[in-house]
Amino acid sequence: MGANELLAELADIGRTSSGGYSRLSWDPATMELREWFAAQAVAAGLELTEDGNGNQVAWWGQGSDALLLGSHLDSVPDGGPLDGPLGVASALAAIGRLKAEGWKPSRPIAVVNFTDEEGARFGVACLGSRLATGAIASDHALGLTDAAGHTLAEVMRARGRDPRLAGPSEWLAAAKYYVELHLEQGRWLAPHDAPVGVASAIWPHGRWRLDFCGQGNHAGATAMVDRYDPMLTYAATVLAARELALDFGQRATIGRVQVEPGSTNSIPSRITAWLDARAESEPGLDALVAGIVERAETAARDDGTTVDVRAESTTGAVDFDPQLRHRLAALLDAPVLPTGAGHDAGILAAKLPTAMLFVRNPTGISHAPQESASAEDIDAGVDALVQVVRELA
Ligand code: HGY
Ligand code: MN
Ligand code: MN
């Protein structure tokens, strides 16, 4: 089956009322996607394994020096249909086509479904690939909690997994290359009239939790001058983040916020918000975040409130293997472009030669239901991946 047909099979899994997808790690939708992946692996004659972190790995051949393909199947809340699944479906389609042609690889090839790339449930991005590469300590990861207060360990146990097996994976340590095909996020390929691109780098980025605390009080009985309202400090910080990101030419977003007690006729006591900040360089990111924190602290002093800042998930700058990316860009006659989006490939790049192929996103929209790619470009992505597999394996 081609990638478009494979993706069509996922169309109803984890669908939201807005037409988007909510497929958080280990929830019913992603459990259904894991079963789909397993069925596809068996149908393609691949040997399916799962490491102690929940990463599914489907093997064509066994042994070291493998070429790894794949991506992730989880999504952000109300995300699009392609961020992640496009890479997994394209890898399965490429393998299926090569097998149908009777082509034989010179090295083992695996298709990977990395668990929890978005970090939407436990707050840390690329949890499956970070655990598999040792980029995060398993006891720290297993202690992370979701919105309901359940730890990753409890959730894995509830899904029949033994969290004690979580940690660095041999299968990954023995691999030779990882090539991840992914939907472009942003709109660079369309104006360059290219259906497929090769990634040069991933911007450094991270997530910071901000806790703004004040004095809860009565909305009607408290004079304005007697208020210590954390909502004001939070609002000043949101505006400062945008202003500084524009000044620095970087990116800052506060897209998730919780208000306590969240009562219409009460001045809130606490606002918890999460900052997503990204920059072209690590010093740039440090300067941006330091500037936002300074503005938050100044506002807190003015408002008589407090602010506490905690880094929850940080990813340094990633420069993809220059030799591999030049080789693939020449092979595909494709342009090379950076990205502001994080990926499992960004984590694996610390361990083995890694490359990314991007498939044109006509609107640039991602992490939203309107995310799309044309069927032709999706087929062009599989064609490119087939060429890469022939070249590397
Ligand atoms: O947030 C990101 O950059 C990626 O989509 N996980
Ligand atoms: Mn994403
Ligand atoms: Mn992704």
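Using 0.36 nm times the number of residues separating Ala350 and Asp333, minus their current alpha carbon distance, what extension gain do you get? Working shown, then result.
Details: separation 17, 0.36 × 17 = 6.12 nm, distance 2.60 nm.
Going from the current span to full extension adds 3.5 nm.
Cβ crowding within 10 Å ranks Ser75, Ser200, Ser18 as Ser18, Ser200, Ser75, fewest other Cβ atoms first.
Could you compute the longest span of the chain free of GluC sites (Glu not before Pro) located in DSSP loops and having at most 15 other Cβ atoms within 10 Å, not counting the site residues?
Details: sites that count: Glu9, Glu101.
Counting only loop sites that pass the neighbour cut-off, the longest clear stretch is 102-393.
Per-residue ellipticity at 222 nm from helix content only, as computed over the chain with -39500 (n - 2.57) for each DSSP H run of at least four residues, stands at -10500 deg cm²/dmol.
Between helix 322-332 and the chain there is an angle of about 60 degrees, using the helix long axis and the longest principal axis of the Cα atoms. Could you tell me how far the Cα centroid of segment 299-325 sits from the Cα centroid of segment 216-241, in Å? Answer, in whole Å: 25. With the simple spin-label model, which puts each label point 7 Å out from Cα in the Cβ direction, the Arg15 to Thr314 separation comes to 4.3 nm.
In degrees, nearest 10, range 0 to 90: what is the angle between the Cα axis of helix 230-248 and the longest Cα principal axis of the chain? The answer is roughly 50 degrees. Within the listed set Gly63, Gly167, Gly381, the Gaussian network model of the chain (springs between alpha-carbon atoms below 10 Å) gives the highest mean-square fluctuation for Gly63. Put +1 on the Cβ of every Lys and Arg and -1 on every Asp and Glu Cβ in segment 124-178; which of Gly167, Leu144, Val155 then has its Cα farthest towards the positive end of the dipole? The Cα lying farthest towards the positive end belongs to Gly167. Relative to its residue count, the chain spans a Cα convex hull of 136 Å³ per residue. From the alpha carbon centroid of segment 266-285 to that of segment 101-121 is 33 Å.
Label positions at Ala158 and Asp226, each projected 7 Å from the Cα along the C-beta direction, are separated by 4.4 nm. Taking label points 7 Å from Cα along the Cα-to-Cβ direction, Ala147 and Glu5 give a separation of 3.8 nm.
Every number here is computed from the coordinates shown, using simple stated rules; none is lab data. Please read all numbers here as calculations on a predicted model, not as lab measurements. Ideal geometry is used to build each Cβ from the backbone, glycine not excepted, and the neighbour counts take in all protein chains shown.
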